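For reference, the structure is listed below as structure tokens.
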Amino acid sequence: ADGIVVTFNYTSSAGDLAEWYETKEGVEAGDVVAISRDFLEYDARLDLEKISILEKAVPGNSVVGVVSSAPFQIMGGDILGAAKRPRPIALAGRVPVKVTEENGKIMAGDLLTVSGTPGVAMRSTKAGVIIGQALEDADCAEGEVCTVLVMVHTTYSTGALLKVAMRDDGLLLDTIPGDLDIGRDIGR
């Protein structure tokens with residue numbers, strides 16, 4: 001009997017939910033992207049719709065997500081007929097992201113934000129837009145851009161994680177014994 005065989009590839013390091021967006025020239029996989037002032041008009045069944053064209057993000061932009069390299073699922077294909085440079089934008093999930101270590105060494109668990117280099121992320125150390133959380137340590141040569149796997153989830157942070165700030169000063173909070181009773185010792 002003839003049958004249908006469906007196979008799935010689970011070897012990819014990516015695993016994100018993405019949406020098609022029109023992008024400006026030069027935008028590529030791994031870039032952090034933001035809303036621009038330009039729009040794409042497209043035919044959405046019966047009505048003419050408008051959607052923002054995305055550009056490489058810089059500080060102060062309205063960040064949307066990251067250009068995906070191998071999305072698990074993509075929505076929003078209705079723009080494809082009108083788009084010149086459509087890219088799948090990861091809205092959430094595991095995505096390789098371009099990073100720089102201009103704001104310090106990126107380690108697994110660090111929150112990432114937009115750097116001064118268009119489209120490139122860096123470690124977050126203060127309040128602001130968060131692109132996501134590094135899933136691995138970065139290995140960038142000094143002054144270079146490299147790629148790190150990130151759990152993309154665009155949000156806002158009220159400040160640096162205490163553990164990260166303390167780590168930068170050489171104090172590893174995880175190495176302090178858990179049985180210390182600081183309140184009792186201070187009260188003596």
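The values are calculated or read from the model by the stated rules, or taken from the named source; none is laboratory data. Computed from a predicted model, the values in this text were never measured in an experiment. These area figures cover heavy atoms from the full protein model, side chains too; ligands, DNA and RNA do not enter into them. Shrake-Rupley method; radii C 1.70, N 1.55, O 1.52, S 1.80 Å.
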Measuring from the lowest to the highest alpha carbon on each principal axis, how far does the range 34-144 reach, largest first, in angstroms? 50, 28, 23
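Please give the contour-minus-distance gain from Tyr156 to Ala141: 0.36 nm per residue of separation, less the Cα-Cα distance, rounded to one decimal in nm.
Values: separation 15, 0.36 × 15 = 5.40 nm, distance 2.83 nm.
Computed gain between Tyr156 and Ala141 is 2.6 nm.
Relative contact order for the range 97-136 using alpha-carbon pairs under 8 Å, separation at least 6, rounded to a whole percent? Please report the intermediate quantities before stating the final value.
On the way: 75 pairs, mean separation 18.2, N = 40.
Over the range 97-136, the number comes to 45 percent.
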How large is the translational diffusion coefficient of the range 13-73 in µm² per second when you combine the Kirkwood radius over alpha carbon pairs with Stokes-Einstein at 4 °C and 1.567 mPa s? 103 µm²/s
In Å², and per residue, what accessible area does the range 4-124 have when probed at 1.4 Å with the other protein chains present? 53 Å²
Might you work out the accessible area of Lys105 for me, using a 1.4 Å probe with all protein chains in place, and round it to the nearest 10 Å²? 90 Å²
